[in-house]
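Contents: one structure, followed by commentary.
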Amino acid sequence: GVWGRIGADPGCALVALGEYGRQELSPASSLDLLVLRPSAVDPTQAAKSLSYELWGAELDLGYAVYTPEEAMRLARTRVDSELRFLDARLLVGDAGLFKSWKDDLMTWSRRSPAVFLERLVPVIMARRSSTDDACASLEPDLMDGAGGLADLATIRWIEAVGGPRELPSE
């Protein structure tokens, strides 16, 4: 309701990313949002108003404002952005704009599952080198530890990019 109340342009799409996009928020999670905008629209004021509302509610928030082309350029150059975008979920706004961008992202990510896996390995290795095993620690890092939520997300990314394009019919 906040998105409509602040006067956001209906041609934009408010998108949940990362843990929020996967609907796996933990008590310490932040809300990671993307305002996807057509080239001719500048939703900066609406995005700021939304952030003030959410910060006022004492929510940890990160947000960005991009056109679909800008977001695709970012996904192509930064694997961490590509991974956050793979978890994208439309909250409110232009469903057509969101679907077109998400389809383009999936097409690009799926162009070569082997290349995707090569890009994913350094992310996994960096995470593993900085945390203990979540299953064998007195104070496990449930998000980033080996066997934690980030590993579950990694399995989902691998399936989304390299797995079947459709679920088998029964």
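The values are calculated or read from the model by the stated rules, or taken from the named source; none is laboratory data. Owing to the predicted nature of the structure, the values given are computational and were not obtained by experimental measurement. Here Cβ is always computed from backbone atoms with ideal geometry, including for glycine, and neighbour counts include all displayed protein chains. Heavy atoms of the whole protein, side chains included, go into the accessibility calculation; ligands, DNA and RNA do not. Shrake-Rupley method; radii C 1.70, N 1.55, O 1.52, S 1.80 Å.
Residues in the range 124-145 that are over 17 Å from E19 (Cα atoms), open to solvent by less than 80 Å² (accessible area, probe 1.4 Å) and among the small types (G, A, S): A126, A134, S137.
Give the range 73-123 a look and list any residue that's in contact (Cβ under 8 Å) with a residue 40 or more places away in the chain, of a type in the set (D, E, K, R) and outside any helix (DSSP H, G or I), or say none. Residues satisfying the conditions are D87, R89, D94, R110.
Scanning the range 72-93 for residues that are crowded, with 16+ Cβ neighbours inside 10 Å and touching an Asp or Glu at 6+ places or on another chain (Cβ under 9 Å) gives M72, L74, A75, R84, D87, G93.
Evaluate the range 105-123: report whether one residue or more is out of contact with any helix residue (DSSP H, G or I) (no Cβ under 8 Å at 6 or more places or on another chain) and crowded, with 16+ Cβ neighbours inside 10 Å. The answer is no; no qualifying residue exists. I need the full set of residues from the range 111-162 which are farther than 20 Å from L25 by Cα and of a type in the set (K, R), in order please. Those that are farther than 20 Å from L25 by Cα and of a type in the set (K, R): R111, R119, R128.
To keep it simple, each residue is scored yes or no on (1) out of contact with any His (no Cβ under 7 Å at 6 or more places or on another chain); (2) aromatic (F, W, Y); (3) modelled with pLDDT of 90 or more.
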position: L91; (1), (2), (3): yes, no, yes
position: A95; (1), (2), (3): yes, no, yes
position: S100; (1), (2), (3): yes, no, yes
position: D103; (1), (2), (3): yes, no, yes
position: W108; (1), (2), (3): yes, yes, yes
position: F116; (1), (2), (3): yes, yes, yes
position: A126; (1), (2), (3): yes, no, no
position: S130; (1), (2), (3): yes, no, no
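Contact map, the range 1-18: residues that are more than 16 Å from A88 (Cβ to Cβ) paired with residues that are modelled with pLDDT under 90 and of a type outside the set (A, V, I, L, M), Cβ distance under 8 Å, separation 6+ or inter-chain. Pairs shown: V2/E53; I6/S49; I6/E53; G7/S49; A8/P43; D9/P43.
The number of residues in the range 5-37 being in contact with a Pro (Cβ under 7 Å, 6 or more places away or on another chain), part of a loop (DSSP other than H, G, I, E, B) and either open to solvent by 50 Å² or more (accessible area, probe 1.4 Å) or among the aliphatic types (A, V, I, L, M) (or both) comes to 2. So A150 passes all but one of these: (1) under 20 Å from Q23 (Cβ atoms); (2) in contact (Cβ under 8 Å) with a residue 24 or more places away in the chain; (3) open to solvent by less than 60 Å² (accessible area, probe 1.4 Å). Which condition number does it fail? All conditions pass for A150, except number (2). Residues of the range 48-58 include none that is farther than 30 Å from L152 by Cβ, modelled with pLDDT under 85, open to solvent by less than 40 Å² (accessible area, probe 1.4 Å) and of a type outside the set (S, T, N, Q).
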